[in-house]
Amino acid sequence: MQKIIISSFSFLLLSFFLFKTFTNIEKVNVNDKAILNNISFNANIPADTTVVEIKTEGIELSYSVPEIKAKAGDILRIQYINESDMNHNIVLVKREEDIRPVGVAALQAIANDWIPEKEMDRIIAYSALAHAGDTVSFSFKVPPPGIYPYICTYSAHWTQMQGRLISAE
């Protein structure tokens, strides 16, 4: 009798595991350009696109590339590799003064993967949320010449996790 109960429990546990493993299908919002860019393949990248790879490793709250230099008007594709134990993202803002409002508003945007919709006028581009071990990418047109900060808006990481895009002619 005990063997039957244990076997039945094992079967149920295995069934649940297989169900969860093979039915984990994510919904994609077709209006979210960051997510759509994220699921495109490298073969679809135009030849004139500049690709920059940025990583985060371990428990460090920093990007491997703290400064990106690009030509205004070019297409820039950022491939973000999250080798950290935490979730992260990359949010490019318009001005230094936008870091705090976007970062603080992100604390109220958990349901939107830490992207604050009410501050979109301060945001140029952003990545999807990268969970530990994920690689995400997004593309955008480099803005006019200037310095544009990028931050991680996940869980107040913006206070330490920052970089900057330098756009030049």
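Within the stretch 118-125, is even one residue under 21 Å from E53 (Cβ atoms) and outside any loop (DSSP other than H, G, I, E, B)? Looking for residues that are under 21 Å from E53 (Cβ atoms) and outside any loop (DSSP other than H, G, I, E, B), one finds at least one in the stretch 118-125, hence yes.
Checking the stretch 150-158 against the condition returns a match, with at least one residue being in contact with a His (Cβ under 9 Å, 6 or more places away or on another chain), crowded, with 22+ Cβ neighbours inside 10 Å and part of a strand (DSSP E or B).
Only residues that are surrounded by 19 or more Cβ atoms within 10 Å (Cβ to Cβ) and closer than 14 Å to W114 by Cα were counted across the stretch 76-92, and they come to 5. Considering only residues that are assigned to a strand (DSSP E or B) and either in contact with a Cys (Cβ under 9 Å, 6 or more places away or on another chain) or among the small types (G, A, S) (or both), look in the stretch 159-169 and name the one that is nearest to I78 (Cα to Cα). Among those residues, the one meeting the criterion is G163.
Among residues of the stretch 28-60 being among the hydroxyl-bearing types (S, T, Y) and in a loop (DSSP other than H, G, I, E, B), the one that is modelled with the highest pLDDT is T49. Listed by first and then second residue, the pairs linking a residue in the stretch 106-126 that is under 25 Å from I147 (Cα atoms) to a residue that is at pLDDT below 95, with Cβ atoms under 6 Å apart and 6 or more places separating them unless they lie on different chains, are Y126/A34. Pairs linking a residue in the stretch 90-103 that is within 16 Å of L76 (Cα to Cα) and in contact (Cβ under 8 Å) with a residue 40 or more places away in the chain to a residue that is among the charged types (D, E, K, R) and part of a helix (DSSP H, G or I), with Cβ atoms under 8 Å and 6 or more positions apart or on different chains, are V93/R122; K94/R122.
Candidates are the residues of the stretch 80-126 that are polar (S, T, N, Q) and within 16 Å of the chain's Cα centre (by Cα); the one that is farthest from F140 (Cα to Cα) is S84. Annotation note: Cβ proximity below 8 Å between a residue of the stretch 157-169 that is touching a residue at least 12 places away in the same chain (Cβ under 8 Å) and a residue that is among the polar types (S, T, N, Q) and part of a strand (DSSP E or B) (sequence gap 6+ or interchain) occurs for M161/T56. The residues in the stretch 93-112 that are of a type in the set (A, V, I, L, M, F, W, C), surrounded by fewer than 16 Cβ atoms within 10 Å (Cβ to Cβ) and part of a helix (DSSP H, G or I) can be counted, and the count is 3. Restricting the stretch 61-75 to residues that are β-branched (V, I, T) and in a strand (DSSP E or B), the residue that is surrounded by the most Cβ atoms within 10 Å (Cβ to Cβ) is I68.
The values are calculated or read from the model by the stated rules, or taken from the named source; none is laboratory data. Just so it is clear, the model here is predicted, and its values are computed rather than measured. Glycine gets a Cβ as well: all are built from the backbone with ideal geometry, and neighbour counts include every protein chain shown.
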